[in-house]
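Take a look at the structure below.
The values are calculated or read from the model by the stated rules, or taken from the named source; none is laboratory data. None of the values given here were measured: they were computed from a predicted structure. All Cβ positions, even for glycine, are placed from backbone atoms using ideal geometry, and neighbour counts span all protein chains on display.
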Amino acid sequence: MADYERMRDIERRYQAASGLKERRYYSLFYGPLAPFPLAMINENPGGSPDDFKIVDVYAGSHEYVEGRFSGPTTLNASTLLMRLLGGDSHEIVRPVQVFNQHFRRSPGRLGARERRRHVDEARPFVLECLAFARPKLLLFGGANGVQPFMTALGGTAVADDATTVMGPNGTSPAVYYREYRLHHPLLGPMSGIGLYHPSKLNGHFYAHAFPRLLRRVNEALAGTGQGPRL
């Protein structure tokens with residue numbers, strides 16, 4: 001069950017820690033915070049302080065449901081999750097937890113020092129959200145984000161290179177799928193999967209990476225009464 005009071009408390013404390021008071025500058029939640037075995041991890045909120053869209057998460061809305069048309073990354077990620085959960089409507093995505101590595105909006109790519117400062121600022125709140133949601137499986141929108149995310153949180157990520165699926169990406173191939181063993185002192189052991197970035201999902205991904213991903217999602221959702229059928 002969603003804990004809206006916890007969400008409001010986390011947001012108040014983040015505002016105090018960051019000095020930010022308006023959601024045009026940040027976004028903490030993609031939807032209602034609740035325990036669920038599947039979570040997606042992204043870099044940071046989309047848009048910039050001068051060009052952004054939000055949904056009312058405190059009224060039960062979700063960025064990947066009501067807000068899915070905000071851009072190709074959001075729509076592709078929402079559609080991927082809908083297919084993984086075996087639905088024919090995006091409504092099935094609502095309980096999926098989605099978290100960012102940091103919460104500040106930015107119009108472009110951040111420099112390493114500024115990004116580190118933003119990640120450090122968000123760390124205790126990301127950990128608190130993960131500890132409450134208790135996901136078994138984390139899906140990362142870009143395989144390059146797995147190691148930095150776990151390192152920033154004080155945990156570890158060990159890649160299983162034998163699971164890697166490569167695919168076309170312009171002039172050089174990219175990782176479309178790779179499994180990781182994750183561990184954090186507070187969160188315990190989890191599974192992670194680095195995916196091709198949602199903004200670029202294509203037929204090669206669905207033909208070669210999606211079947212493996214579907215099996216892992218089924219395993220994470222086993223016994224919950226939710227998810228697709230093999």
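Could you list, ordered by first residue, the pairs with Cβ atoms under 8 Å in which the first is in the range 51-66 and on the phi > 0 side of the Ramachandran plot and in a loop (DSSP other than H, G, I, E, B) and the second is surrounded by 14 or more Cβ atoms within 10 Å (Cβ to Cβ) and modelled with pLDDT of 90 or more, at least 6 apart or interchain?
GLY60/ALA2; GLY60/GLY31; GLY60/PRO32; GLY60/ARG94
Looking for whichever is of a type in the set (A, V, I, L, M, F, W, C) and surrounded by fewer than 21 Cβ atoms within 10 Å (Cβ to Cβ) here; the options are ALA112, ALA122, ALA77. Which one fits?
On the way: ALA122 fails: surrounded by fewer than 21 Cβ atoms within 10 Å (Cβ to Cβ); ALA77 fails: surrounded by fewer than 21 Cβ atoms within 10 Å (Cβ to Cβ).
After applying the criteria, what remains is ALA112.
How about the range 58-80: which of its residues are small (Gly, Ala, Ser) and either modelled with pLDDT of 95 or more or under 14 Å from the mean Cα position of the chain (by Cα) (or both)? Show your work before the answer.
From the range 58-80, those small (Gly, Ala, Ser) are 59-61, 67, 70-71, 77-78; that's our starting set.
Matches in the range 58-80: ALA59, GLY60, SER61, ALA77, SER78.
Does the range 125-177 hold any residues that are more than 30 Å from ALA17 (Cα to Cα) and in contact with an Asp or Glu (Cβ under 8 Å, 6 or more places away or on another chain), and which are they? Explain how you work it out, then say what you get.
Narrowing the range 125-177 to residues more than 30 Å from ALA17 (Cα to Cα): 158-177.
Residues satisfying the conditions are ALA159, ASP160, THR163.
Is the range 135-157 home to any residue that is over 19 Å from the mean Cα position of the chain (by Cα), over 28 Å from ARG113 (Cβ atoms) and in a strand (DSSP E or B)?
So in the range 135-157, the residues over 19 Å from the mean Cα position of the chain (by Cα) come out as none.
Within the range 135-157 (the criterion being over 19 Å from the mean Cα position of the chain (by Cα), over 28 Å from ARG113 (Cβ atoms) and in a strand (DSSP E or B)), the answer is no, since none of the residues qualifies.
For the subset of the range 199-225 comprising residues that are at pLDDT below 95 and within 22 Å of LEU130 (Cα to Cα), which member is surrounded by the fewest Cβ atoms within 10 Å (Cβ to Cβ)?
GLY225
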